[in-house]
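The values are calculated or read from the model by the stated rules, or taken from the named source; none is laboratory data. On a predicted model such as this, the values are computed, not experimentally measured, just so you know. Cβ placement follows ideal geometry from the backbone for every residue including glycine, while neighbour counts extend to all protein chains displayed. Keep in mind that these areas ignore ligands, DNA and RNA; they rest on the heavy atoms of the full protein, side chains included. Shrake-Rupley method; radii C 1.70, N 1.55, O 1.52, S 1.80 Å.
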Amino acid sequence: MSEVIFHSIGYIKSPFKNVEDVPKAEIDAKKYEGQLVIDERYLESMADMKVNEEYLLLFYFHECKEYKQTVPLKGIGPLTALFSTRAPCRPNPIGVSNILITDIKENIITFKGVDMLDNTPILDIKKVFK
């Protein structure tokens, strides 16, 4: 297999410092607000982003050290095959979350939908088209 290398475009400011505190369901994550701190060299890439729009946020689960192929569903439910869950520790620990932009000031994007740890590296942001 070939090696794949990603570079962070910024990081996430989240109210969650411990894995145990992070919401396990998307519906619960929508209650929490966080910030994306984007490297200023990507300001031009942010030019058309707007408040009240939805985006897919791709990020790196930087705290995951190993994974299991069967995990408890939502951390507490029946054992379920990894690829049928949203468990953070995976062969490639890449996370994806649906977020709603609530404010943009320069390179700081405030959003709802926080289900990641503080200081999580951001890999990419993609607009949701409906």
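The table that follows gives values for the structure above.
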read-out: Per-residue SASA entry for residue 42, accessible area with 1.4 Å probe, Å² rounded to 10; value: 70 Å²
read-out: Sequence-separation-based contact order of the chain, relative, with Cα cut under 8 Å and 6+ spacing, percent; value: 42 percent
read-out: Residues whose placed amide H lies under 5 Å from that of residue 102, excluding near-sequence neighbours; value: 52, 110, 111, 112
read-out: Sum of -39500 (n - 2.57) over DSSP H runs of 4+, divided by residues of the chain (222 nm, nearest 500); value: -500 deg cm²/dmol
read-out: Virtual spin-label span in nm between residue 65 and residue 79, 7 Å along Cα→Cβ; value: 2.2 nm
read-out: Two-site label geometry, residue 39 and residue 7: point separation in nm, points 7 Å out along Cα→Cβ; value: 0.5 nm
read-out: Links that overshoot a 28 Å alpha carbon limit, given the list 65/127; 24/130; 30/130; 65/130; 74/105; 13/65; value: 65/127; 65/130; 74/105
read-out: Alpha-carbon centroids, the stretch 59-94 and the stretch 1-27: separation in whole Å; value: 13 Å
read-out: Solvent exposure, largest accessible area first (probe 1.4 Å, DNA, RNA and ligands not counted), of 116, 49; value: 49, 116
read-out: Computed over the stretch 1-75: relative contact order in percent, which uses C-alpha pairs under 8 Å that are six or more apart; value: 34 percent
read-out: Heavy atoms of residue 19 accessible to a 1.4 Å probe, total area in Å² rounded to 10; value: 80 Å²
read-out: Per-pair calculated FRET efficiency, R0 = 35 Å: residue 129 and residue 17 via Cβ, rounded to 0.05; value: 0.55
